[in-house]
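The structure under discussion appears below in the form of C-alpha cells.
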Amino acid sequence: MIEWLSTFWETISLGAQSFPFGELGVWLLTICLLIVGVIGSVVPLLPGPFILFIAGILHTFLRPEEGMSWQGIVILSILLVLAYALDMAAGALGARWFGASRWGIVGVFVGGIVGLFFAPLGFILGPLIGGLLFELVFARKRMAPAVKSTWGTLLGTGVGFIARLIISFAMVATVLLDILWW
C-alpha cells in the first residue's frame, strides 16, 4: 500500500514540476485584468480602458517571448487616447449639437468635475445640472432651450458611453489577437 502511495506521489510531483505555472499565472492575470477593464468601461470609478492597456503591457513585460508586438502596443495606445478623448468630449458635443451656448459647455465640464466628488450618481447628474445651471444663470436662457441643451448633454454622454465600450472591446481584441496570432 505504501509503495503505491509513494509511486502516485512521485508521479504527481513530476507532473507538477513540468506544468508551466508561470505561464498559467500570467495568463490568469491578463484575463482577469481584461475582464475588470471591460467592467470598468461600464462602471464609474474604474478606469476601464487604462486597465485594458495595463493588461497588454503587463503581459508583454512578464512574458516577453509571447508578449505584444510594438505595433500592437501602438494600436493599444491610440485606442486608449481615443477612448478618453471621446469620453471627455461626447457630453459637450451633444450639448452643442442641441444648441448649448459656450456657457452651457463650460457648465457641463464644471458639473462633470464637481460630480466626481459625488460618485457614482454625480457622474451622470453633475454634467446635466452644471449645463442646465450655466445655461440658466450665465447664458440667461429660458427653461425650454436650457433643458433642450441639457438633453443633448445626456444624449452625448450616452453616445460617449457606448463608444467607450466599443473601444474597450477593440482593445481586448487587440491584446488577444496580438498575443495569440501576431
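Mind checking whether some residue in region 135-155 is assigned to a loop (DSSP other than H, G, I, E, B), of a type in the set (Phe, Trp, Tyr) and closer than 25 Å to residue 118 by Cβ?
yes
Has region 14-37 got any residue that is closer than 10 Å to residue 168 by Cα, surrounded by 10 or more Cβ atoms within 10 Å (Cβ to Cβ) and of a type outside the set (A, V, I, L, M)?
Yes: region 14-37 contains one or more residues that are closer than 10 Å to residue 168 by Cα, surrounded by 10 or more Cβ atoms within 10 Å (Cβ to Cβ) and of a type outside the set (A, V, I, L, M).
Could you grab me the full set of residues in region 105-122 that are within 15 Å of residue 92 (Cα to Cα) and surrounded by fewer than 17 Cβ atoms within 10 Å (Cβ to Cβ)?
113
For residue 132, state whether it is modelled with pLDDT of 85 or more, farther than 30 Å from residue 175 by Cβ and buried (at least 17 other Cβ atoms within 10 Å of the Cβ).
yes
Would you pick out the residues in region 135-182 that are of a type in the set (Gly, Ala, Ser) and either modelled with pLDDT of 90 or more or farther than 30 Å from residue 53 by Cα (or both)?
139, 144, 146, 149, 152, 163, 168, 170, 173
The values are calculated or read from the model by the stated rules, or taken from the named source; none is laboratory data. Note that the structure is a prediction, hence the values are computed from the model and not measured. Here the Cβ is made from the backbone with ideal geometry for all residues, glycine too, and neighbour counts use every protein chain on show.
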